Amino acid sequence: HQPIRLQDYAPPAYLVDETHLCVQIFDDHALVEARLVMRPNPALDKHGALILNAGDEVTLEHIEVDGAAVADPVREGESLILPAISASHFEVRSRVRLLPDQNTRLEGLYRSGGMYCTQCEAEGFRQITPYPDRPDVLSVFTTRVEAPSEYDCLLSNGNPVGMGPLENNRHFAEWHDPFPKPSYLFALVAGVLDCTEDSFTTASGKSVDLKLYTEPHNRHKTRFALEALKRAMRWDEQVYGREYDLDLFMIVAVDHFNMGAMENKGLNIFNSACVLADESSTTDGGFELIEAIVAHEYFHNWSGNRVTCRDWFQLSLKEGFTVFRDSEFTADMHARAVKRMDDVTLLRTQQFAEDAGPMAHPIRPDSYIEINNFYTLTVYEKGAEVVRMLHTLLGAEAFRRGSDLYFERFDGQAVTVEDFVACMAEVSGIDLTQFRRWYEQAGTPRVDVTSEYDVAAQTLTLHFAQSCPATPGQPDKAPFHIPVKLGLLGRQSRLPLSFTTEHSGFDAANQVFSLRAEEDSLVLSDVTEPAVPSLLRDFSAPVVCDYPYSGEDLKLLVIADDNSFNRWSAMQTLATRTLVALVQQAAGEADELRQTLLSATSAVLADGLLDPAVKARILQLPAQAYIAEQYSPVDPLQLDQVHTELRTWLACELAAEWQQVLSATRADEPYRFEHRQAGRRALHLCALAATVLADDSGWQAARELFERADNMTEQQGALRLWSQVANTEWDTAMEQFWQRWKSDAQVVEQWLGICAQRPGMTVAGVNQLMQHEAFSWDNPNRVRSVIGAFVMRNPRGFHAADGSGYRFLADAILKLDGMNPQIAARLCTPFTQWRRYVPAVQAAMQAELERILAPDGLSDGVYEIVSKTLQ
Ligand code: B3K
Ligand code: ZN
């Protein structure tokens, strides 16, 4: 289990100009022949041995250089070492044998249901053929696929250049991708597939064929993704000036997939759950997620494929940027403030915990043992926040000039985050040297703000102090460049106040203060009355921002802030403080906060002007995972109890108001996925949640909705809320739902999730659920729906006092590690927080962590997380 370090980066000794593959698929194996047209890297004086990567799924049958067989190539780990070559050009030919049917890791070439497909990022291509499998080796690929004729679709990257029959009831197809690409973007699919077609005309008038391939029974679930794809293509032209570059863009839906989707050049491969949708079986959340992922993978065509990463430490270069792009796309398609609330919720509940835990790493890590462990919330979501800060500091217009320069200057190259930041600095003239620390330092910075008001001078002085906690390997942090967007609200007038300032770090047009020093003060003049500052508007930086607000200050922000994101954020702060005070049994304080929270909730409920989607989010208490980040030691069962009690109390105190919302938000039109309707449904489910909590017969309202609803959002929402009562009527409804949907894989996955998250679910119950025909160890979606949902979203079940939840998870990790180490490693997350808990929980989790680490032959992925967690 050796770490790889950024500082050891060395350019490739040899380059591959052309890659010619012939992949022959047979019933029980596959043969891969490769012809690589190579040359020594002209940028280097010395070249040394020719080292190819060859994974352990690959049985080498033959390898030759310029026609001369290499008799005994040295194989060390994943390296295949051939003698140094001095020729200015040479050809390497190899033939290997694979067993795709036995590939349970779902990396390289594998079988999913009735089809064969590939997943190469990050290092899966070496499981297909010996190759310099690193992102800074770019090559033009020509791929021939041969398979039994029943597999009617044979696909690979680029354009189709030939197809035809072969002997023995077999056929072939040949593909050529004119754009040089790294091996991680290679893809191949062979299957019996149905194709839904569409087309898109680019800004410059070129027509692009769009094809979405599915297994035939999913044909009815392709329309939405194709429409989303066209919206994304148009948006990328309008907002970034990026056109699609091939004549054909293909998406394939596969049922067995380790993550959401993959941006292979011209041939995106998607987890079925992240692309298939229709109005009867998909929830509002599902539609929004699918639209975002389709856009994300499409956007990678420029941010990732045309301009790619030099090495895997630069992963955030493509992922952070592309998440920022998809997030802005969603904001433009629907409601900007709401998208911001959802993104920030994810960041605060999960990324902040990662950044405060044993796996904390900068968005550009310095080292890793298993690169798959670094496809994290930090690299993706915090990475997107860092790009967003650049956007905030530069403004939209300069940012666009920066991205144009980046795409133009580095087209066809593999580059670094410095290259990206340098373009932004160059076009704007802003010194981003200090800003680059966001790429280098881990941990969530804190910004503590205090204020003084001088009545006579009418000045409000804001004092800022920033700090950042130590993280593994980084005891001390240098100050960050933090954009703090702010405004003021008059305490008496309850109106936004204008002000002036002479501070050179304040961008008056955008109301953004650039905090660069460890401490700084911002003097605001012409402040005509005492004011409540509205800080970190729109979450202008991924930090914790603290200000000594009174409960009444927060309530004022909730009701009257002219920044709707901060209305939500103030409510989150108020609820968080209330919950922490309740957990810590700070009686007097807790009671006062609770009353303020109640009156703020009541005011929000009564606000007739608020967008229902915003209202639903303001009324949602912060998740337990977020509250658990605020104090330590955490007793997870006590936290769950306090959280439930507070929700119940608010539901009871405001029962009449909730009833009114419940009836006012009943559906009065047929289902459509669009912002206004989705907001109404979200609010309706909020009111239903309160109804179920407030009285013993409240579940009947859930049953009524389940029976009446014409859509999956409300049906599932009703089943989830009703599950808190879990009476025989609920069992019947769940059985009815199963019978209705058992042939729809995506709905079945949701159904499993509802079962696993049901309050009262125990390890014994989950074990029983895993005997159900719907569960399967070799399908990652099913594992996530049952095991993932239970250990991450069922606190009472997972943290059961007898430790059964922890034993269950450790057993599952050990079992999965032998089958699919990426999925096993992902499941370790709940254990990473073990030091934050009360001693009894710590001891029980530690024992399980040690048990996981004991066996020999543990994968790098699980080893890295568990050993770092125990350190
Ligand atoms: N780039 C892929 C993720 C690959 C994960 C490999 N373990 C999907 C995406 O981010 O778009
Ligand atoms: Zn991505």
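Read-outs: derived from the displayed coordinates by stated rules, not from any lab. Just so it is clear, the model here is predicted, and its values are computed rather than measured. Because the Cβ atoms are built from the backbone with ideal geometry, glycine has one as well, and the counts that use them run over all protein chains shown.
Listing for the model above:
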item	result
Options Val70, Ile4, Thr143, ranked by Cα towards positive dipole end of region 1-148, top entry (Cβ charges)	Ile4
Whole-percent pair-distance distribution, where bins are 5 Å wide, for the alpha carbons of region 322-417	2, 11, 18, 21, 19, 15, 10, 3
Separation between Cα centres of region 482-561 and region 710-781, rounded to whole Å	46 Å
On Cα atoms only, tilt of 675-694 relative to the major axis of the chain in degrees	60 degrees
Kirkwood hydrodynamic radius (C-alpha pairs) into Stokes-Einstein, region 1-148, 10 °C and 1.306 mPa s, D in µm²/s	99 µm²/s
Folded to 0 to 90 degrees: helix 860-870 orientation relative to the chain principal axis, Cα	30 degrees
Semi-axes of the equivalent ellipsoid for region 571-614, Cα gyration tensor, largest first, Å	25, 10, 5
0 to 90° range, to nearest 10: angle between helix 383-394 axis and the chain longest Cα axis	70 degrees
R0 of 30 Å, Cβ-Cβ distance Glu237-Ile430: FRET efficiency to nearest 0.05	0.65
Distance from region 72-120 to region 817-871 (C-alpha centre basis), Å	31 Å
Over region 742-871: Rg over Rh, Cα atoms, Kirkwood Rh	0.97
Dipole in debye (nearest 20) - the chain, about Cα centre, beta carbon charges: Lys, Arg +1; Asp, Glu -1	620 debye
Unit charges on C-beta of K, R, D, E only; dipole of region 446-602, Debye	500 debye
Reach of Lys485 by Cα under 19 Å, taken over lysines that are not fewer than 8 positions away in the same chain	Lys339, Lys382
Kirkwood Rh in Å, taken over the chain so that all alpha-carbon pairs contribute	28.9 Å
